[in-house]
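Q: So that we are looking at the same thing, I have put the structure below in structure tokens.
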Amino acid sequence: MARILSMFLAFFVASAVIAAPLEQRQLGNLKCNIDRLKIVTGLIATASAVGKIDTSDPDTATAVEAAQAGLKTAGDSIKDIAIALITGKAAPPESRTGVSQGLNDTRSALESITNSAVAPAVSAAQTSLQDAIDDGNAVIADCK
Ligand SMILES: *[C@@H]1O[C@H](CO)[C@@H](O)[C@H](O)[C@H]1NC(C)=O
């Protein structure tokens, strides 16, 4: 998961570098590109935090799987957005919905964990996830 997301991060950096001379508008909106980088790093941090939740309890294991599936949905949608940007197209609206849906699914899955033994790890994952959600909202606000 983290490896795949690192690849997206590389995509974003590459797209910013390649796109800059071609498309001055993208270079101009630095805040938007920083937001994009932050959501990718936020997802990497969340995936890492979710991976630290002890899954020896079966209910916790099921919820962690659901949280990871949500992160994958968000990551796949970010990949689609990155490819669109690299090829000079507008980000597809359904990919933005996919990012939001994936993050929401991850949030619901983490909220469903009632095992108090893993509460600190769940709480850490929720904090990372909230940061990623905030960054996602900043992308929507700043990338016009
Ligand atoms: C995710 O949750 C937020 C806040 O509850 C909501 O505004 C948004 O529409 C949800 N996204 C999707 C794709 O359902």
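Every read-out reported here was derived from the displayed coordinates using simple, explicitly stated rules and does not represent laboratory data. Quick caveat, the model's predicted, so the values are computed rather than measured. FYI the Cβ positions are ideal-geometry reconstructions off the backbone, even for glycines, and counts take in every protein chain you see.
Q: If you go through the stretch 51-66 one residue at a time, do you hit one that is free of Cβ contacts under 8 Å to residues at least 24 places away in the same chain, away from the ligand (no atom under 14 Å from the Cβ), farther than 24 Å from Asp142 by Cα and β-branched (Val, Ile, Thr)?
A: Scanning the stretch 51-66, I find at least one residue that is free of Cβ contacts under 8 Å to residues at least 24 places away in the same chain, away from the ligand (no atom under 14 Å from the Cβ), farther than 24 Å from Asp142 by Cα and β-branched (Val, Ile, Thr), so the answer is yes.
Q: Still on this structure, I have one more. Considering only the stretch 84-103, state which residues are under 12 Å from the mean Cα position of the chain (by Cα) and over 18 Å from Ala141 (Cβ atoms).
A: Within the stretch 84-103, Gly98, Gln101, Gly102 qualify.
Q: Six or more apart or on different chains, Cβ under 9 Å: which pairs go from a residue in the stretch 88-110 that's within 22 Å of Val64 (Cα to Cα) and free of Cβ contacts under 8 Å to residues at least 40 places away in the same chain to one that's near the ligand (Cβ under 9 Å from one of its atoms) and among the hydrophobic types (A, V, I, L, M, F, W, C)? Could you list them?
A: Ser100/Ile133; Leu103/Ile133; Asn104/Ile133; Arg107/Ile133
Q: Inspect all residues belonging to the stretch 111-122 and state whether any of them is within 16 Å of the ligand (Cβ to nearest atom) and buried (at least 20 other Cβ atoms within 10 Å of the Cβ).
A: Within the stretch 111-122, the first condition is being within 16 Å of the ligand (Cβ to nearest atom), and the residues that meet it are 111-112.
Those left that are additionally buried (at least 20 other Cβ atoms within 10 Å of the Cβ): none.
No: the stretch 111-122 contains no residue that is within 16 Å of the ligand (Cβ to nearest atom) and buried (at least 20 other Cβ atoms within 10 Å of the Cβ).
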